[in-house]
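Computed from the coordinates by the stated procedures, all read-outs in this text should not be read as laboratory data. Nothing here was measured: the structure is a model prediction, and the numbers come from that model. Cβ: placed from backbone, ideal geometry, glycine included. Neighbour counts: every protein chain shown.
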Amino acid sequence: MTEKRTLVLLRHAKAETPGDQLDFDRRLTEKGTADADAAGAWLADEGIVPRLVICSPAARTRQTWHGVAVALAQAAPSATSPEVHYESGLYEGGRTEVIDLLRRVTDDVTTVLFVGHNPTMSDVSVLLRPDDEDLDFTGLKTCGLAVHQNRGLWSETQPQSMDLIKRHTARG
């Protein structure tokens, strides 16, 4: 039987309002920074440590990943740091691009963390669930996490193929 695989979808933490700056350059607020740290602490407490991180290259997602990484490293200082890829498809694309990126993950990776934007992260979570059991789900809030699992290969990921096993909104 194929080993269990875990996918974590994380919507970036609270960012500055756009103002005059480019959307891509928006940074986290103080609250967002604290929430990103809390997301990493929650993942560590749950024993969910990614081996691969696929992150949007936008400033707010990179900062969110940084906060998560620091908290994970503090909780498990001897753990191996994950491989990190910054993918423009997570900023520019939608759920199709996320599924395509997931299908390219090598089979030796059992836990993957995507750090991206809404509505895409919420859309992917809904798309992957096998049924509509959580009809009141209105999407991931800032710094919201959705944890999915299955026993199939990443390359075989299809809609409705990964159970949603946990959902959490990190608040620092």
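Note on semi-axes √(5λ) of the Cα gyration tensor in Å: of the candidates [x] 56, 17, 12; [y] 23, 19, 15; [z] 29, 21, 13, the value calculated from this structure sits at [y].
When +1 charges are put on Lys and Arg Cβ atoms and -1 charges on Asp and Glu Cβ atoms, the dipole computed for the range 113-172 relative to its Cα centre reaches about 360 debye.
Annotation: peptides 104-110, 47-53, 139-145, ranked by per-residue average of other Cβ atoms within 10 Å with the highest first, follow the order 139-145, 47-53, 104-110. Seen against the Cα atoms of the chain and their longest principal axis, helix 59-75 is set at about 70 degrees. Fully extending the segment from V84 to R103, taken as 0.36 nm per residue of separation minus the present Cα-Cα distance, adds 5.2 nm. Taking θ as phi - 60° and the Karplus parameters 6.51, -1.76 and 1.60, the scalar couplings of the range 150-155 work out to 7, 10, x, 6, 4, 5 Hz in sequence order, x denoting glycine and proline. What does the C-alpha gyration tensor say about the overall shape of the range 1-95? Classify as rounded when a/c is under 1.5, otherwise prolate if a/b is larger than b/c, or oblate. Oblate.
Placing dummy labels 7 Å off each Cα toward the beta-carbon, the span from E30 to S161 is 4.5 nm. Close amide H partners of Y86, meaning residues 5 or more places away or on another chain with modelled amide H under 5 Å apart, are C55. For the range 72-93 and the range 32-52, what is the centre-to-centre distance using only Cα atoms, to the nearest Å? Using only Cα atoms to place each centre, the spacing works out to 11 Å. Overall shape: oblate for the range 31-83, with the ratio a/c of the largest to smallest alpha carbon gyration tensor axis at 1.5 or above and b/c at least equal to a/b. For the range 68-138, what class follows from the C-alpha gyration tensor (a ≥ b ≥ c being the square roots of its eigenvalues): rounded when a/c is under 1.5, otherwise prolate if a/b is larger than b/c, else oblate? Because a/c hits 1.5 or more and a/b exceeds b/c, the range 68-138 counts as prolate. If both residues of a DSSP beta bridge must be in the range 14-158, then about 10% of such bridges are antiparallel.
Computed from Cα atoms, the angle from the helix 30-46 axis to the main principal axis of the chain rounds to 30 degrees.
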